[in-house]
Every structure is written in structure tokens, then in C-alpha cells.
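Colleague: Attaching a single structure in C-alpha cells format; questions to follow.
The values are calculated or read from the model by the stated rules, or taken from the named source; none is laboratory data. Because the structure is a prediction, the values reported are computed rather than measured. Every residue, glycine among them, receives a Cβ derived from its backbone with ideal geometry; neighbour counts consider all protein chains shown. These accessible areas exclude ligands, DNA and RNA; they are computed on the full protein's heavy atoms, side chains included. Shrake-Rupley method; radii C 1.70, N 1.55, O 1.52, S 1.80 Å.
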Amino acid sequence: MKSDSADPTPHLSFEFFPPKTDQGKASLATTRQALGKFNPEFFSVTYGAGGSTRTTTMDQVAAIQSDGFAVAPHLSFGGSDKAEVLALLNSYKASGVKHLVALRGDLPSGIGGAAQLIHANQLVTFIRENTGDHFNINVAAYPEIHPEAESYSKDIYWLGEKFKAGANRAITQYFYNADAYFKFVDECAKAGIVEPIIPGMMPLTNYSNLIRFSDSCGADIPRWLRWQLKERSDNMEDLVSYGIDIISELSQKLLDGGAPGLHFYTMNQWQVTGTLCRNLGFTENN
Ligand code: FAD
């Protein structure tokens, strides 16, 4: 496994969403233990649109910490005011959280429009103003460009503003085309962005969910891949096995090409992500 020449250890992190049920929590506890063996830099926990998962995100953050792992809560202003966001930041700081994923987020479905949302660069400024250098701040990046972007170069400009505000690293939206990532990183470098841009990897495990979600978040599924997945959509075992081959190959290509690590969108499952990490040569504790 090759990696960034400046840092011989590739970054590795795993993303979870906060479970709602007791069964979901128990299953995620197993996932934490299984993926924790790969010594990730952190587990991250999503924050629902408009702050809708504030309590369940905090619960999951606490559960990860009590297992002894580092955690990166996702955070956005959503519908909250400055005092509420500051209270959340102070509570994370007091509990020993060192990483954050700072986002603009989206409005909950049905509300529409993005006018009231606070952009991520403004959130990063707010975090730095109020908590100094305490947090290591991750932000979002879009190799295939954010669906609301004014233009390709403007989207890169705003990513640059997140770094100027004090972000340390970007994690990308998922994609299935390595060239989109490499071209994006090149354009970012031309725009003066030197911070690490970690590819976000979405395992291929469910055809219809992937198509639906990708259309809404602007992630492109290449035509050949759509057809290959569609053909396997009635045979879960075949689809998962094919998906593991495709994502292993893509991830290896990214690491070989200089990507500084990987962030996995686990969907709270450990089996496929664990197999991918093993295929890529990430070592596991016993
Ligand atoms: P921004 O960086 O604010 O960018 C949004 C759009 O506005 C872009 O088109 C950009 O070009 C433009 N822009 C940026 N700054 C400015 C500015 N100051 N003025 C004008 N235009 C600007 N969503 C959730 O709801 N919860 C999560 O936990 C979550 N986690 C995520 C994790 C990762 C790694 C990624 C890649 C995405 C995640 N998302 C999450 C989705 C994300 O919230 C959406 O993609 C959202 O639409 C944009 O968030 P952002 O932080 O990229 O926004």
C-alpha cells in the first residue's frame, strides 16, 4: 500500500450515522469493535439535516469515547443560534473530543431552499474564534463539484476559504471515478490549497439506495458501473462481492496516485468495510 510521501501512514477514518433503535445501537457497538481494530484516526458521526440528530449524535459520540476511540462529530449550524453551537462545542471540548467535521449541512427535506444556512467557512471561523486551536477541523470537498456550486472554480475557491478560516483537512463526497479526484486535487493545488484531501469511499452494497442517494447529492455513477450493479441488483451476494472488487481497485488506485488516506462511509456495517481495509493492507490488532 503506497501513500502520501510526506506522511508514510495513510489516514483512515470511518463514518457512522447515529442509530435510532436499541437494536441499531447494539449493532453499531459491534461495528465499532470490529473496525476499531484497524486503528482509525477517528470514527465520525453524522449530524442530521438542520441539527435534527443533535441528541443521538451526542449519544453516539459518548459511546465511541467510552470504548476508548477518537471521535469526530459532524457539526453544522442548521437551525441553531450561535449560543447553541457554542454550547455544543464547549461540551465536546470538555469531554475530550479533538476532531470535528464542520459543514453547512442541508435543510431537512420539505423545508426547501438554502438561504438560511450558514456556510462551512463561516462555521470554521466561528469554531476557531471560540475554541482556538483545540480542534482538528475537517471540512467537505466535492471532486465532482457540489450540486449548488456556481462553477467548478468557484467551488474550489470556497474550499480554499474553509482552509483559510482554519480547517486542517478535507474529506470528499464519494465518487467512483479516480480521475475526477486527481483532477480536482490538481486544480486545488493550482489554487494554492496544500492541505490533505481525503477521498470518501462509499461501499457498493445496495443498488436502489445508491442510485437514489447519488442523484440527490450529485455523485456520478459511471454508466458502465450502473449497468453492472443493475445486473446484480437481485443477487445481494454477487453485488457485494463485485462491489468489493471495484472499491478495492479504486481505493488502491487512489492511494497509489498519492491520496493521503481514505474515509469510509460505513453505513454502520463492518463486514464490507473491514474486507476493503484488509484488501488494501491496513493492519488489524488482534
Ligand atoms: P459549503 O462549504 O458551505 O458549500 C455549499 C455550497 O455553497 C457549495 O456549492 C459552495 O460552492 C458554496 N459556498 C461555500 N461557501 C460559500 C460562501 N461563503 N458564500 C457563498 N457560497 C458558498 N450533511 C449533513 O446533513 N450531515 C452530515 O453529517 C454530513 N456529513 C458530511 C460529510 C462529508 C465528508 C461530506 C462530503 C458531506 C456531508 N454532508 C452532511 C453533506 C453536506 O452537508 C452537504 O453536501 C451540504 O449541501 C454542503 O455542505 P458543505 O459543508 O460542503 O457546505
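Colleague: Answer yes or no as to whether ALA87 is crowded, with 21+ Cβ neighbours inside 10 Å and more than 30 Å from TRP227 (Cβ to Cβ). Before you say what the answer is, go through the steps one by one.
Modeller: Values: crowded, with 21+ Cβ neighbours inside 10 Å: no; more than 30 Å from TRP227 (Cβ to Cβ): yes.
No; evaluated as a whole, the condition is false for this residue.
Colleague: Which members of region 52-79 meet the condition of being in contact with a helix residue (DSSP H, G or I) (Cβ under 8 Å, 6 or more places away or on another chain), open to solvent by less than 50 Å² (accessible area, probe 1.4 Å) and within 14 Å of the ligand (Cβ to nearest atom)?
Modeller: GLN60, VAL61, VAL71, PRO73, HIS74, LEU75, SER76, PHE77, GLY78
Condition check ((1) touching a residue at least 40 places away in the same chain (Cβ under 8 Å); (2) out of contact with any helix residue (DSSP H, G or I) (no Cβ under 7 Å at 6 or more places or on another chain)) across all residues:
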{"site": "TYR174", "(1), (2)": "yes, yes"}
{"site": "ASP220", "(1), (2)": "yes, yes"}
{"site": "GLN228", "(1), (2)": "no, no"}
{"site": "LYS253", "(1), (2)": "yes, no"}
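Colleague: Are any residues in region 153-171 within 8 Å of the ligand (Cβ to nearest atom) and among the charged types (D, E, K, R), and if so, which ones?
Modeller: Listed by number, the residues that qualify are LYS154, ASP155, GLU161, LYS162.
Colleague: Here is a further query. Name the residue, out of LEU117, LEU123, that is within 9 Å of the ligand (Cβ to nearest atom), among the aliphatic types (A, V, I, L, M), crowded, with 17+ Cβ neighbours inside 10 Å and at pLDDT 95 or above. Steps first, please.
Modeller: Values: LEU117 fails: at pLDDT 95 or above.
Selected residue: LEU123, the only one of LEU117, LEU123 that is within 9 Å of the ligand (Cβ to nearest atom), among the aliphatic types (A, V, I, L, M), crowded, with 17+ Cβ neighbours inside 10 Å and at pLDDT 95 or above.
Colleague: Assuming GLU129 fulfils every condition listed in (1) more than 8 Å from the ligand (Cβ to nearest atom); (2) surrounded by 13 or more Cβ atoms within 10 Å (Cβ to Cβ); (3) more than 20 Å from ILE193 (Cα to Cα); (4) not hydrophobic (A, V, I, L, M, F, W, C) apart from one, which condition is it?
Modeller: Status for GLU129: all satisfied but (2).
Colleague: If you don't mind, another one. Output the number of the condition that ASP106 fails; it satisfies all remaining conditions of (1) under 17 Å from ALA219 (Cβ atoms); (2) open to solvent by less than 50 Å² (accessible area, probe 1.4 Å); (3) in contact with a Leu (Cβ under 9 Å, 6 or more places away or on another chain).
Modeller: Only one criterion is unmet by ASP106, namely (2).
Colleague: Out of GLU187, GLU148, GLU144, which single residue is without any contact (Cβ under 8 Å) to a residue 40 or more places away in the chain, acidic (Asp, Glu) and more than 9 Å from the ligand (Cβ to nearest atom)?
Modeller: Numbers: GLU148 fails: more than 9 Å from the ligand (Cβ to nearest atom); GLU144 fails: without any contact (Cβ under 8 Å) to a residue 40 or more places away in the chain.
Checking each option against the conditions leaves just GLU187.
Colleague: What are the residues in region 192-216 that are of a type in the set (A, V, I, L, M, F, W, C) and more than 13 Å from the ligand (Cβ to nearest atom), if any?
Modeller: Hits for region 192-216 are ILE193, VAL194, LEU204, LEU210, ILE211.
Colleague: Additional query: Counting only residues that are open to solvent by less than 30 Å² (accessible area, probe 1.4 Å) and over 15 Å from the mean Cα position of the chain (by Cα), how many does region 27-49 have?
Modeller: Looking only at that region, the number is 7.
Colleague: A further question on this structure: For the list (1) within 26 Å of HIS99 (Cβ to Cβ); (2) surrounded by 21 or more Cβ atoms within 10 Å (Cβ to Cβ); (3) more than 14 Å from the ligand (Cβ to nearest atom), I need the number of the one condition that GLY258 fails.
Modeller: (2)
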